[in-house]
Amino acid sequence: MALDPARNLMVAWMSLALGAATGMVLGLWSFDGPFPAPGSLEAYDSLSRRFMRLGHIAFFGLGILNILLAHHLCGLRVSLESAGIGLAAMNFGNVFLPLTLFAAGVFEPLKYLTLPPAIAVTTALAIGAYATVLELRAGET
């Protein structure tokens, strides 16, 4: 049975599109844009606005990492269980980390909800790194 990275690729490309869309919205009130910033986002260095910017860039960064991980894990001799966990964890993190960052921008106590998706992304990347080490060691023998 082979891995199917299609779901990860779909999530990743949707994430990249959302990164562009949220950037356009944030840009409407940045640098004296055409619209004034909403109340809690008026100060450029406010924590709420930082969470929003971090959520925006997380859509891009995690989408790219998701594409890389999907292609990479499917090309390695890694157990289907490990690869499946890595791909599922990456999708969970790719969806929920940007969303929880935006939620924290609206209501700061929600910042603690960023922990599970951050752990999921870290887990996925650790599985990718471990699979790579195993592949390199297998090539040496």
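Starting from region 9-32, take each residue that is farther than 30 Å from residue 73 by Cβ and list its partners that are in a helix (DSSP H, G or I), counting only C-beta distances under 8 angstrom and pairs at least six apart or across chains.
26/52; 26/53; 26/56; 29/41
In region 79-96, how many residues are modelled with pLDDT of 95 or more, touching a Leu at 6+ places or on another chain (Cβ under 6 Å) and aliphatic (A, V, I, L, M)?
1
Pick from 134, 87: which is in contact with a Lys or Arg (Cβ under 8 Å, 6 or more places away or on another chain) and open to solvent by 50 Å² or more (accessible area, probe 1.4 Å)?
134
Checking residue 53 against (1) of a type outside the set (Ser, Thr, Tyr); (2) open to solvent by 30 Å² or more (accessible area, probe 1.4 Å); (3) assigned to a helix (DSSP H, G or I); (4) within 30 Å of residue 81 (Cβ to Cβ), which single condition isn't satisfied?
Every listed condition holds for residue 53 apart from (4).
Just to be sure I understand, how many residues within region 23-49 are surrounded by 16 or more Cβ atoms within 10 Å (Cβ to Cβ) and of a type in the set (D, E, K, R)?
The number of residues fulfilling the criteria is 1.
Output the residues belonging to region 66-82 that are of a type outside the set (S, T, N, Q) and either crowded, with 22+ Cβ neighbours inside 10 Å or not in a helix (DSSP H, G or I) (or both).
Once the filter is applied, which keeps residues that are of a type outside the set (S, T, N, Q) and either crowded, with 22+ Cβ neighbours inside 10 Å or not in a helix (DSSP H, G or I) (or both), region 66-82 yields 69, 70, 73, 75, 76, 77, 78.
List every residue pair whose Cβ atoms lie under 7 Å apart, where the two residues are 6 or more positions apart in sequence or sit on different chains, the first residue falls within region 74-93 and is within 15 Å of residue 130 (Cα to Cα), and the second residue, located anywhere, is outside any helix (DSSP H, G or I) and modelled with pLDDT of 95 or more.
If the second residue must be outside any helix (DSSP H, G or I) and modelled with pLDDT of 95 or more, no pairs are left.
Taking residue 62, is it of a type outside the set (S, T, N, Q), surrounded by 19 or more Cβ atoms within 10 Å (Cβ to Cβ) and part of a helix (DSSP H, G or I)?
So residue 62 fits the description; yes.
Looking at 124, 104, 70, 58, which is the one that is of a type outside the set (Phe, Trp, Tyr), at negative phi, in contact (Cβ under 8 Å) with a residue 60 or more places away in the chain and in contact with a Leu (Cβ under 7 Å, 6 or more places away or on another chain)?
Going through 124, 104, 70, 58 in turn, just one is of a type outside the set (Phe, Trp, Tyr), at negative phi, in contact (Cβ under 8 Å) with a residue 60 or more places away in the chain and in contact with a Leu (Cβ under 7 Å, 6 or more places away or on another chain): 70.
Among 117, 98, 34, which is the only one that is within 17 Å of the chain's Cα centre (by Cα) and more than 25 Å from residue 132 (Cβ to Cβ)?
Working: 117 fails: more than 25 Å from residue 132 (Cβ to Cβ); 34 fails: within 17 Å of the chain's Cα centre (by Cα).
Going through 117, 98, 34 in turn, just one is within 17 Å of the chain's Cα centre (by Cα) and more than 25 Å from residue 132 (Cβ to Cβ): 98.
Results for (1) small (Gly, Ala, Ser); (2) open to solvent by less than 60 Å² (accessible area, probe 1.4 Å); (3) out of contact with any strand residue (DSSP E or B) (no Cβ under 7 Å at 6 or more places or on another chain), shown as yes or no for each residue.
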{"position": "93", "(1), (2), (3)": "yes, yes, yes"}
{"position": "108", "(1), (2), (3)": "no, no, yes"}
{"position": "114", "(1), (2), (3)": "no, yes, yes"}
{"position": "120", "(1), (2), (3)": "yes, yes, yes"}
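The values are calculated or read from the model by the stated rules, or taken from the named source; none is laboratory data. In this text, all values refer to a predicted model and were calculated from it rather than measured experimentally. No Cβ is skipped: glycine too gets one built from the backbone with ideal geometry, and neighbour counts run over all protein chains shown. Accessible surface areas use protein heavy atoms only, side chains included; no ligands, DNA or RNA. Shrake-Rupley method; radii C 1.70, N 1.55, O 1.52, S 1.80 Å.
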